[in-house]
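Structure first, then comments.
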Amino acid sequence: MRKLTNQKRLMIGAAATIVVVGGSVAVWSMTRPDAAPVAAEAEEHREGEGLEMDAARIQAASIVLAQVTSGSLSSEIVAQGTVVGTPQGEAVLAARADGVISRVSLRLGDSVRAGQTVAQIESREASTIAADRSTAQARLTAARQALAREQRLFDSQITARQDLEAAQTVLAEAQAESRRTASAASAARVSGDGRSTGVVSPITGRVTAANATLGSYVTAGTELFRVANASQIEIEASVSAQDAARIVPGDRATITLPEGEVQATVRSITPGVDVESRAATVLLSISGVGGLRPGQAISVRIFTRDAQTAGGVSVPEEAIQTVEGREVVFVRTAMGFEAVPVLVGQRSGGRAEITSGLRAGQTIATRNAFLLKAELGKGEAEH
């Protein structure tokens with residue numbers, strides 16, 4: 001019995017020794033010099049899922065950035081739009097008179113400046129206009145000489161006043177005829193030799209359509225060229241009558257382009273709807289955007305006034321990524337991006353409502369955001 005008691009005492013002493021030694025090892029491992037960096041690194045990895053990335057790398061990866069907008073999806077109107085030229089941004093160049101095209105200076109896609117002649121048309125009408133102009137100029141010269149002669153005779157009291165007044169009337173008629181023929185020649189762009197008329201561009205831009213064929217006969221009014229200035233464009237968007245009633249001039253809008261979203265403003269809304277399409281047209285003003293061409297179809301998103309009072313924010317669906325079972329959005333920071341967990345509400349038209357996690361005005365990654373997710377996963381694997 002005494003022997004068993006001694007064995008128990010030995011076992012209890014050994015266990016106590018193990019506990020003391022283990023505790024000492026644990027205390028030493030936590031107090032050693034390199035323990036603090038390791039713990040800090042682990043804590044940093046748990047708290048912040050960030051990526052360092054400068055602007056050059058973002059551009060090289062074709063990651064598109066966008067700003068978080070306020071308002072629910074119900075306050076947004078999605079429509080299809082078409083790029084059109086402003087009244088000063090597009091011109092149709094037509095033949096001024098019947099005749100044969102004798103010279104074509106430009107081709108499709110060429111640049112043209114305002115006042116430049118792009119084609120010449122040999123025309124009998126041009127000859128007639130030039131002859132009328134010359135005749136009117138000769139009559140004007142003769143009327144001036146006759147008035148000067150009558151003025152001298154009247155001053156010498158040789159002729160009556162009515163002769164002087166008659167000469168003044170003839171001069172006034174000659175001046176009016178000279179102005180008329182000169183205006184006609186200018187409008188027809190009659191050449192100096194009076195054989196041809198010119199086709200002149202009134203604006204600076206590029207030739208977007210060229211229907212002139214050298215040697216072909218055309219009649220007055222035939223369209224020969226179209227010129228457009230890509231910097232003077234606007235957007236025509238079609239919306240339903242119900243949506244048109246919610247839109248007012250000055251509302252904010254965005255245009256979706258391959259390189260991201262571009263801001264626009266509602267300029268006006270047509271008071272009626274098209275008879276065939278039953279849609280109203282909304283004109284959007286946009287400036288300073290390159291790469292858009294008249295006739296191009298684009299997607300438009302209009303934010304109505306109730307978007308300012310609606311709760312929540314919305315982002316493109318492609319901005320939302322799933323990391324470790326959580327839905328996150330990569331928010332732009334001074335150093336790169338941070339994966340911010342979010343709660344997603346309803347989704348519609350390629351957009352999603354964010355009910356928690358983001359605020360309006362933040363900049364996020366949208367297109368190609370999955371590359372950031374892959375980069376984040378690679379960093380965690382290395383860690």
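The values are calculated or read from the model by the stated rules, or taken from the named source; none is laboratory data. What you are looking at is a predicted structure, and each value in this text was computed from that prediction instead of being measured. The accessibility values were calculated without ligands, DNA or RNA, using every heavy atom of the protein model including side chains. Shrake-Rupley method; radii C 1.70, N 1.55, O 1.52, S 1.80 Å.
With every protein chain in place and a 1.4 angstrom probe, the accessible-area ranking of Lys378, Lys373, largest first, reads Lys378, Lys373.
When the accessible area of region 192-329 is split by element with a 1.4 Å probe, what percent falls to carbon and sulfur? Ligands and nucleic acids excluded, carbon and sulfur reach 49 percent. Heavy atoms of the protein chains alone define the surface here; on that basis region 223-301 has 50 Å² accessible area per residue at 1.4 Å probe size. Would you mind telling me the share, in percent, of accessible area of region 81-142 contributed by carbon and sulfur at probe 1.4 angstrom? C and S atoms contribute 48 percent here.
When you restrict to C-alpha pairs under 8 Å that are six or more residues apart and normalise by the size of region 124-279, the relative contact order lands at 17 percent. Averaged over its residues, region 172-215 has an accessible area of 53 Å² per residue, based on protein heavy atoms and a 1.4 Å probe. Semi-axis lengths, largest first, of the ellipsoid equivalent to region 68-188 are 56, 24, 10 Å, with √(5λ) applied to each eigenvalue of the Cα gyration tensor. The Cα center of region 236-277 and the Cα center of region 91-161 differ in position by 47 Å.
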